[in-house]
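Here the structure is laid out as structure tokens; the discussion comes afterwards.
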Amino acid sequence: MALASDAASEAVFEHDVVRNLICRQARYPDIATPQDWYMALAYTVRDRMLARWAESVKNYALHHVKVACYLSAEFLIGPQLGCNLLNLGLEEEAREAMDSLGQDLDALLAIEEEPGLGNGGLGRLAACYLDSLASLEIPAIGYGIRYEFGIFDQDIVDGWQVERTDKWLKMGTPWEIIRPDIHYYVSFGGYTRMWNDEQGRLRVEWVPGRQVKGVAYDVPVQGYRVNTCNVLRLWKSEAVESFDFDDFNAGDYYEAVEEKVVSETLSKVLYPNDEPESGKRLRLAQQYFFVSCALQDMLRLMEVSHTPVERFADRFAAQLNDTHPSIAVAELMRLLIDERLLSWEDAWSITQRTFAYTNHTLLPEALETWSLPLMQSMLPRLVEIIFEINQRFLDEVRRAQPGDEGSVARMSLIDEQGDKKVRMAHLATVGSHKVNGVAALHSDLLKQTILRDFAAMFPSRFLNVTNGVTPRRFIMQSNPGLARLLDDTLGEKWRTDLTRLDALADHADDATLQKAWRAVRRENKAKLAARIGNITGIAVPPEMMFDIQVKRIHEYKRQHLNALHIISLYQRLRRDPTLDVAPRCFIFGGKAAPGYDMAKLMIRLISGIAEVVNQDPATRDRLKVVFYPDFNVKNGHIIYPAADLSEQISTAGKEASGTGNMKFMMNGALTIGTLDGANVEIREQAGADNFFLFGMTAQQVAALQQSGYRPGHYLEANEALREALDEIAQGRFSRGDKTMFRPLLDNLLNADPFLVLADFADYAACQQRVSEVWRDEKRWARMSIINTARSGAFSSDRAIKEYCENIWQTRAVKIDLAAP
Ligand SMILES: *Cc1c(COP(=O)(O)O)cnc(C)c1O
């Protein structure tokens, strides 16, 4: 029964929805489409956030607080409406209001198009961090790019990935506020010249070849049940003038328009690769574009609050999310020296105190470098500054290690071998006061491998901050059944302090809780099964174990190891139909970079296995294989809560952290995994008994590769493996085509860079243990409950508190909402 005040506020809410429908959508209720209702509802929710936003901004300016700025080329924020309703505490009110208007809230949530402004884990991490910053009431700004086309949509056609352009803006988006008044100019090309100003100072002027205008598009970021509303500020590129009238008047209409086209291309499309693409001018231009806009914006904020520029590092902490924004180190130097006329020493001190750098990868092919000539032609002034930073830094190295020219060459910001390149990880490390890895193992390996010389020279600069994910989106919003059960069992304190889940472990053997636990999980699985049926036509019984691997498709993540095990299991079942194996549904999802042929072939292999296994009468009741197309945040909402088993099977030492592993754990999945990334800490938290461990350690992997790895050796020793590979070669999973999977097989047999064959036997044995434990319902439920109970450490709230304390020195600011 609703209280009178609830009824009143619901009536106001309903009134506001109708007003927005008419005033913003220009539709009256009788003819409104679901999209119109969605927009009207979204604007109604947004209005309530904007009041809080205004109050937050006012407070930050008034109290001269320090602001955490998160610089990231990607923010994979996912659908917004549900999370904003949750964070504002308006879910019930909205549901009832829409009900009175004859609209179903769930149907409206379902039509929301997600902004795919990221590739995967790195972009999703940035989004989780913004959620935690706002929820912890930390003043913060996210800075990124407003891509017109985000990550492509994935179709599966004849088993192959087909990319479709992501037109997330085609119906407009209610979540952004355009700020034409907040814009900056960014220079490209041209040359530099030196001159002496009136005071006799030596000055450098960058005479650009062209300029692009960056316009701010703001997305409000609402904290959970607090008044703090921060901002994600995304930059869109525009031509400086719509027409160059000189060209136009001279009759060269096309040249005038071309300038516009080139400028507007900058923020047009997200590069759909998890790794940097070498030599792509546009990619470097994107990076410099958004970073320059962000830093100019921060300097403007200093001005409007009348703070001298010397205090920049007291007012801003800027985190570099991987090396994508690392040109910021040189750009802040440029802005402080060339435009604010600070001395090199003062500017450098500010720069180092402002920036901190998060490394996300050790894979050599993923370490970003830029060709020096390319950078010189595009950013001539920045290269001069990078040279100066390098010279001063290498002098320091020489003073610390006299005569050690090997160190100098290794640590230089410029790779002098062959075509000269700028090493962005070195620039970020030298220009920052803190450098962190994203899981304990990864941070250790970082210090032992790619940044070893730097760690030796600046030991106190290095630290670990293990990644985290937001429990608002990944439990409360996507698994409401579990959230209610947790409330009933523990009270509601876990909602703002996830470590409180720990108390759940005391009830792990409680029969009543186990029953309720299984009911929730069963319902989540039925929902996913229904969705799979709709999308793929494959019927999957929810009683089966749901064994799920969803993440970008990559050789180091080893979806092919999973696939080989499925083939092997299928072969055993065919050979011995009485074999007592736990019925399982293997579910895969994930996008392959469009240019990554091997990854696309892995998708084709999984589809081929599904095609054969699902229709074979000998096995189809016990084995199902599904490739769920278009894995994204929205689909993740339904997938993560339905998993019994989480596949985290990367080659040890290759996955920096992983965050999918954490989302699964929170939702009660058990993990089968290697000692890689955050798996190590997940296992520590859950306890070794509640984690299915297999495979070589990072040390063993390195040793084996050092000593000359021979995949053939493992093949000879394992008949099951030979048979699995052989059946692929025979065309069984490619409709008889014996050439289709040749590149994949050749790669495994001759090189196997990610040690799939070396880890196969142990993986298969571990999967056997999984099947045995699955049969013991009570034991499995207990393990599942304990996994959720111990997942508190993987909240992004914990990670953000560590960034605030150990890197940013930022503090919470309570926002009181004056009566609107
Ligand atoms: C969490 C998430 C990822 C990262 O998954 P990993 O298993 O850590 O690689 C990628 N994509 C989406 C859509 C996600 O939500």
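Taken together, the values in this text are just the output of simple stated rules run on the coordinates, not laboratory data. Predicted model, so just to flag it, every value in this text is computed and none were measured. Cβ sites come from the backbone with ideal geometry, for glycine too, and all protein chains shown count toward neighbours.
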Taking loop as defined by DSSP and a crowding limit of 16 other beta carbons within 10 Å, which chymotrypsin sites (Phe, Trp or Tyr not before Pro) in the range 588-642 fit?
none
Assertion target for D346, D621, ordered by fewest C-beta neighbours within 10 angstrom first, is D621, D346
At most 13 other Cβ within 10 Å, DSSP loop - GluC sites (Glu not before Pro), the range 114-220
E198
For K527 and E492, what is the calculated FRET efficiency with R₀ set at 41 Å and r taken between the beta-carbons, to the nearest 0.05?
0.95
The exposure ranking of M598, M333, M49, M666, fewest beta-carbon neighbours within 10 Å first, is M598, M49, M333, M666
To the nearest 20 debye, the range 459-594 has a Cα-centred charge dipole, built from +1 on Lys and Arg Cβ and -1 on Asp and Glu Cβ, of 700 debye
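Hey, what number do you get for the chain at 222 nm if only DSSP H runs of n ≥ 4 count, each worth -39500 (n - 2.57), divided across all residues, to the nearest 500?
Value at 222 nm, helices only, nearest 500: -14500 deg cm²/dmol.
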To make sure I understand the rule: partners must be lysines, Cα under 19 Å from the Cα of K624, and not fewer than 8 residues away in the same chain. Which ones qualify?
K525, K527
Taking V12, V756 and counting other C-beta atoms within 10 Å, the order from fewest to most:
V12, V756
Non-local residues with an amide H under 5 Å from the amide H of V625, with H modelled 1.01 Å from N and Pro and chain starts lacking one, are F586, N614
Which whole-number percent is the relative contact order of the chain (Cα, under 8 Å, 6+ apart)?
14 percent
S771 and E384 label points (each 7 Å along its Cα→Cβ direction) are spaced in nm at 6.9 nm
Expressed in nanometres to one decimal, the distance between label points 7 Å along Cα→Cβ at T578 and D506 is 4.9 nm
5 Å is the cut-off here: which amide hydrogens, built 1.01 Å from N in the peptide plane, fall below it relative to F462, excluding neighbours closer than 5 in sequence?
V435
In a solvent-free Debye calculation with one equal scatterer on each Cα, what is log10 I(q)/I(0) for the range 347-486 at q = 0.19, 0.21 Å⁻¹, listed in the order of the q values?
-1.18, -1.37
Once both label points are put 7 Å beyond Cα along the C-beta direction, the Q211-D762 separation in nm becomes 5.9 nm
So if I average 1/r over every pair of distinct C-alpha atoms in the range 780-820 and take the inverse, what Kirkwood radius in Å does that give?
13.2 Å
Would you grab the residues whose amide H sits under 5 Å from the one on A140? Only those 5+ places off in sequence or on another chain, please, with H modelled 1.01 Å from N.
A68, V231
For a bin width of 10 Å, list the pair-distance distribution of the chain built from all Cα-Cα distances, rounded to whole %.
2, 12, 22, 25, 20, 12, 5, 1, 0, 0
Distance histogram for the range 475-615 (every C-alpha pair counted, 10 angstrom bins, percent rounded to whole numbers):
10, 29, 28, 23, 9, 0
